[in-house]
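Peer 1: Starting off with a structure, shown below.
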Amino acid sequence: MVQGQAPLAVAGGIDDPEQPIGTDPMRVLAAIESVYSDDGVVVLMDLGSALLSAEMALEFLPEAQQANVKLCAAPLVEGTMAAAVQAMVGGTLAQVVAEAEGALAVKAGHLNLAVPAALNGSAEAETAFGTGEAQVISLEIRNKMGLHARPAANFVQMANKFQAEISVRKGEKTANAKSINQVTTLGARQGETVVVTAVGPDSAQAIEAIQQLAAANFGERETDAAPEMTAVSIGSTAVEPAETAVPSEIKEGQLYGLAASPGIAIGPVLQYRPRLPAIVRQTGQNSAAEWQRLQTAVNTAVAELQTLQAQTARQVGANEAAIFAAHQLIAQDPDLATAVRHALETEQINAEAAWQEAIEATAEQFAALDDPYFRARAADVRDVGSRVLRQLLGVSMPSLKAERPYILVAADLTPSDTARLDPALVLAICTELGGATAHSAILARALGIPAVVGAGQSLADLDEGQVVGVDGRTGQIWLIPDDEQIAELEAMRDKWQAAQQAAKAASQAIAHTADDVRIEVAANIGGPNDVAVALGYGAEGVGLFRTEFLFLDRQEAPSEAEQLAAYRQVVAGLGDRPLIIRTLDVGGDKPLPYLDLGEEENPFLGWRGIRFCLDMPEIFLPQLRAILQASVRDDGTTANVKLMFPMIGTLAELRRAKAMLQTAREQLQAEGKPFAADLAVGIMIELPSAVAVADLLASEVDFFSIGTNDLTQYVMAADRGNANVAELAQALQPAVLRMIRQTAVAAKEAGIWVGMCGELAGNPLATPLLLGLGLTELSMAAPSIPGVKAALRRWTMPEAEALAAEVLGLDSVTAVQSHLEEVKR
């Protein structure tokens, strides 16, 4: 939008002469691009496919441009006129959106109709206090996708921190703010206004905290989007959307669905049709016993979801993994629990029947919503419902393993199903049901797996092993491709591969600064299956191998042999690239079911990490022996393996850990088992006490790796999971940055290298700052690697050091963030 003119573009209809009514997301994308400028673009659309297509088009834009494009709920005619006028007089993007959304106010006033509060165009939240202890606040929803699962989850988590009864109202609909299902089914979209009411002893504090959360977009960044996709699957190519050529007619032997994740694949079908046993409604049950059974099943399901969230965060990023935090809230939803308990007590039925009926009733509430994005949330509710039912019934998830890569065909996929997929095995996904805005589709895009959804029941007729073709860009499926069609598909795939080579080469190239200073960029992984994904994103090694996956979710500790096999699997996948294996980091906050660790009032300040391991040599020594042996391959060559101790706080702890490592060495030597005598040993710097004595610790190790997640929490005395102290729990706090600098100086003086494996390492905005503070290695979630490498190449070392000096002189996290934004390249 440029002052004095208002470029307009129209994107209606589809290229189908027989059914021309509809919307093509690629036409919407082309329209946006035709008028785009950094001042902003406002998109007005009607309901149905137009809204869905507009949302899909946004995902295809570069991340930097997405923040400058706003989807507007204003009426098409009046809204377009009002927006154009405001744009021509030089209005900002927010002013243009507000003017468009208020376009009906004049007409409504003329007709003596009530003007909804949402039409007033106010960008500020207004607070009004009622009588007694009731507190009320009116909030405008600014999140691009409205209060969908992830921001709604943050809202519900915040509400549950207070004793007050809190409700949220949109129009005539009112929801319990402590119920994830009720809040999400409100369907509050961007630009709409909700009214939050709190009644109770801490209502004022609750309203203040919710207001702060809303000001922070309910914990969701405005630029949040699916990460760039990298081709890592065998026989398929996951590609970024660009031109899309949809055939004008559907030929025999072809199906069309919704294009959910771009890419082209040809391969054999694997039918995935998991079914739970039929739920039989049994009466005359003991309601107390059935309630206890349900609570056990829910608690187990929540523990599974916590593990799944951590695994997904490591593989594709924290933003995509946040859906499983929402799933945890669904499982523990108080209104859902109340409905189930009422059924158990009044009807004396079995827990399975009560749970299934309550879940289905909740899912149907979502399915009845007008908005397609919120309708798709019914799948999330049913996914959680099935997870708890499997616990009640004692039924396991079916395996998705196969001897060769395949195209997965299913009636539908839940987010839990999708998160379990191995991109090296799954060439593409085809489902009968589902939509492009479902969380399973979002995860497929993040994993880089081509997907076509909503293709209809004909998919059920495909034979196991039948070769099919899939184009995730157009939603097209070839059921029985002939040689000519296979050749055409292969040609399209080759064309896309060629177009992606330049982008992929940039992420695969060795990381260095603009003046050719070498900086190692590695990945954090949580298991052997993560290696291929990490390398696909351009990882130069593994800077943090979390070994907890071997110890959790089982009934006995892993054997030394089992651990060694897992470590050698990672070594084989990395080749000569470096691998840093962190020893076990569990404790009161991550319990082991086969050990009674007891309960602690504050597990983060208790018996965890190295403290636990030093007291449990029967657990610690086998791991140390396995890591030592993994440093030598089966063929006798030395692997590039390093060992790292977590949670070191004192020199005494480090020396005890090293003494136990020496014991493991002596045992292996006596048994004639080979290991690398010069295995490098390092520690994580995540406690303030470790920073204070970093000079002493540096003299006894080969490297430091700074864990900013815990370091920030301990330095600022702020729980990173508590939204009330979210501003404190930020790694860019000046106090944390000075701790990082102090650690780097101590390392340099001792002649050892220092890296970082915390979340801050994967933030491209902070990359030049970390470089200037003295770090020479950065390890992060794999999807962050391309962005960090690109940021490194834009700065020279002297420039980065000058930036660090400037930042260390700033006095607040806000000042630090603002300065980094100003100098961003």
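The values are calculated or read from the model by the stated rules, or taken from the named source; none is laboratory data. These numbers come from a predicted model, not from an experiment. Here the Cβ positions follow ideal geometry from the backbone for every residue, glycine too, while neighbour counts run over all protein chains shown. Note: areas computed on protein heavy atoms with side chains; ligands, DNA, RNA excluded. Shrake-Rupley method; radii C 1.70, N 1.55, O 1.52, S 1.80 Å.
Peer 1: Considering only segment 537-546, how many residues are over 15 Å from Pro578 (Cβ atoms) and surrounded by fewer than 24 Cβ atoms within 10 Å (Cβ to Cβ)?
Peer 2: Qualifying residue count for the region: 1.
Peer 1: When segment 27-63 is examined, which residues are found to be within 23 Å of Leu765 (Cα to Cα) and either in contact with a strand residue (DSSP E or B) (Cβ under 8 Å, 6 or more places away or on another chain) or in contact (Cβ under 8 Å) with a residue 12 or more places away in the chain (or both)?
Peer 2: Correct list: Ser37, Asp38, Asp39, Gly40, Leu58, Glu59, Phe60, Leu61, Glu63.
Peer 1: Report, by residue number, each residue of segment 748-757 that is open to solvent by less than 20 Å² (accessible area, probe 1.4 Å) and modelled with pLDDT of 95 or more.
Peer 2: Val754, Gly755, Met756
Peer 1: What's the number of the condition Ala534 fails, among (1) farther than 21 Å from Leu628 by Cα; (2) modelled with pLDDT of 95 or more; (3) in contact with a strand residue (DSSP E or B) (Cβ under 6 Å, 6 or more places away or on another chain)?
Peer 2: The failed condition is (2).
Peer 1: Pairs only if they're at least six apart or on different chains, beta carbon under 8 angstrom, first in segment 660-675 and among the small types (Gly, Ala, Ser), second at pLDDT 95 or above and assigned to a helix (DSSP H, G or I); list them, first residue then second.
Peer 2: From segment 660-675, the pairs are Ala664/Leu621; Ala664/Leu624; Ala664/Arg625; Ala664/Leu628.
Peer 1: Follow-up. Could you tell me which numbered condition Ala731 fails, if it satisfies all but one of (1) more than 22 Å from Ala310 (Cβ to Cβ); (2) crowded, with 24+ Cβ neighbours inside 10 Å; (3) in contact with a helix residue (DSSP H, G or I) (Cβ under 6 Å, 6 or more places away or on another chain)?
Peer 2: Unmet condition: (1).
Peer 1: While we're looking at this one, here's another question. Tally up the residues in segment 603-621 that are in contact with a strand residue (DSSP E or B) (Cβ under 9 Å, 6 or more places away or on another chain), within 21 Å of Gln667 (Cβ to Cβ) and open to solvent by 10 Å² or more (accessible area, probe 1.4 Å), please.
Peer 2: Qualifying residue count for the region: 0.
For every residue, the table says whether it meets (1) modelled with pLDDT under 90; (2) farther than 30 Å from Gly465 by Cβ; (3) touching a strand residue (DSSP E or B) at 6+ places or on another chain (Cβ under 8 Å); (4) not hydrophobic (A, V, I, L, M, F, W, C).
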{"site": "Asn350", "(1), (2), (3), (4)": "no, yes, no, yes"}
{"site": "Ala353", "(1), (2), (3), (4)": "no, yes, no, no"}
{"site": "Glu357", "(1), (2), (3), (4)": "no, yes, no, yes"}
{"site": "Ala361", "(1), (2), (3), (4)": "no, yes, no, no"}
{"site": "Tyr373", "(1), (2), (3), (4)": "yes, yes, no, yes"}
{"site": "Asp380", "(1), (2), (3), (4)": "yes, yes, no, yes"}
{"site": "Gly385", "(1), (2), (3), (4)": "no, yes, no, yes"}
{"site": "Leu400", "(1), (2), (3), (4)": "yes, no, yes, no"}
{"site": "Tyr406", "(1), (2), (3), (4)": "no, no, yes, yes"}
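Peer 1: Kindly check whether there is at least one residue in segment 161-174 that is within 13 Å of Asn217 (Cα to Cα), modelled with pLDDT under 85, open to solvent by 30 Å² or more (accessible area, probe 1.4 Å) and of a type outside the set (Asp, Glu).
Peer 2: Scanning segment 161-174 turns up no residue that is within 13 Å of Asn217 (Cα to Cα), modelled with pLDDT under 85, open to solvent by 30 Å² or more (accessible area, probe 1.4 Å) and of a type outside the set (Asp, Glu).
Each row is one residue, and each column tells you yes or no for (1) in contact (Cβ under 8 Å) with a residue 60 or more places away in the chain; (2) open to solvent by 50 Å² or more (accessible area, probe 1.4 Å); (3) in contact with a Pro (Cβ under 7 Å, 6 or more places away or on another chain).
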{"residue": "Arg738", "(1), (2), (3)": "yes, yes, no"}
{"residue": "Ala746", "(1), (2), (3)": "no, no, no"}
{"residue": "Glu759", "(1), (2), (3)": "yes, yes, no"}
{"residue": "Pro768", "(1), (2), (3)": "no, no, no"}
{"residue": "Leu771", "(1), (2), (3)": "yes, no, no"}
{"residue": "Gly774", "(1), (2), (3)": "no, no, no"}
{"residue": "Met780", "(1), (2), (3)": "yes, no, no"}
{"residue": "Ala804", "(1), (2), (3)": "yes, no, no"}
{"residue": "Leu808", "(1), (2), (3)": "yes, no, no"}
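Peer 1: Report whether or not Thr312 is hydroxyl-bearing (Ser, Thr, Tyr), crowded, with 24+ Cβ neighbours inside 10 Å and touching a residue at least 60 places away in the same chain (Cβ under 8 Å).
Peer 2: yes
Peer 1: Does Ile207 meet the test of being at pLDDT 80 or above, buried (at least 18 other Cβ atoms within 10 Å of the Cβ) and closer than 27 Å to Leu447 by Cβ?
Peer 2: When the stated conditions are applied, Ile207 does not pass them.
Peer 1: Just checking, how many residues over segment 279-300 are hydroxyl-bearing (Ser, Thr, Tyr) and over 16 Å from Gly394 (Cβ atoms)?
Peer 2: 2
Peer 1: List the number of the failed condition for Ser507; all other conditions in (1) at pLDDT below 85; (2) under 17 Å from Ala782 (Cβ atoms); (3) out of contact with any Gly (no Cβ under 6 Å at 6 or more places or on another chain) hold.
Peer 2: Going through the list (1) at pLDDT below 85; (2) under 17 Å from Ala782 (Cβ atoms); (3) out of contact with any Gly (no Cβ under 6 Å at 6 or more places or on another chain), Ser507 breaks only (3).
Peer 1: Just for helices (runs of 4 or more DSSP H) wholly inside segment 1-113: which have at least 3 residues that are open to solvent by less than 30 Å² (accessible area, probe 1.4 Å), at pLDDT 75 or above and more than 15 Å from Gly191 (Cβ to Cβ)?
Peer 2: 25-35, 49-60
Peer 1: Moving on to the next point. Evaluate segment 547-570: report whether one residue or more is touching a Gly at 6+ places or on another chain (Cβ under 8 Å), among the charged types (D, E, K, R) and at pLDDT below 90.
Peer 2: There is at least one residue in segment 547-570 that is touching a Gly at 6+ places or on another chain (Cβ under 8 Å), among the charged types (D, E, K, R) and at pLDDT below 90.
Peer 1: In segment 638-685, which residue that is of a type in the set (A, V, I, L, M, F, W, C), open to solvent by 60 Å² or more (accessible area, probe 1.4 Å) and assigned to a helix (DSSP H, G or I) is nearest to Trp753 (Cα to Cα)?
Peer 2: Restricting to residues being of a type in the set (A, V, I, L, M, F, W, C), open to solvent by 60 Å² or more (accessible area, probe 1.4 Å) and assigned to a helix (DSSP H, G or I), the top hit is Ala652.
Peer 1: Restricting to segment 519-534, give me the number of residues that are buried (at least 20 other Cβ atoms within 10 Å of the Cβ) and either without any contact (Cβ under 8 Å) to a residue 60 or more places away in the chain or among the hydrophobic types (A, V, I, L, M, F, W, C) (or both).
Peer 2: Residues meeting the conditions: 8.
Peer 1: Related question: Does segment 353-405 hold any residues that are open to solvent by 20 Å² or more (accessible area, probe 1.4 Å), in a helix (DSSP H, G or I) and among the acidic types (Asp, Glu), and which are they?
Peer 2: Glu357, Glu360, Glu364
Peer 1: Identify all residues within segment 575-587 that are among the hydrophobic types (A, V, I, L, M, F, W, C) and touching a Leu at 6+ places or on another chain (Cβ under 8 Å); write none if there are none.
Peer 2: Listed by number, the residues that qualify are Ile580, Ile581, Val586.
Peer 1: With respect to Pro764, determine if the residue is in contact with a Leu (Cβ under 6 Å, 6 or more places away or on another chain) and on the phi < 0 side of the Ramachandran plot.
Peer 2: No: the conditions fail for Pro764.
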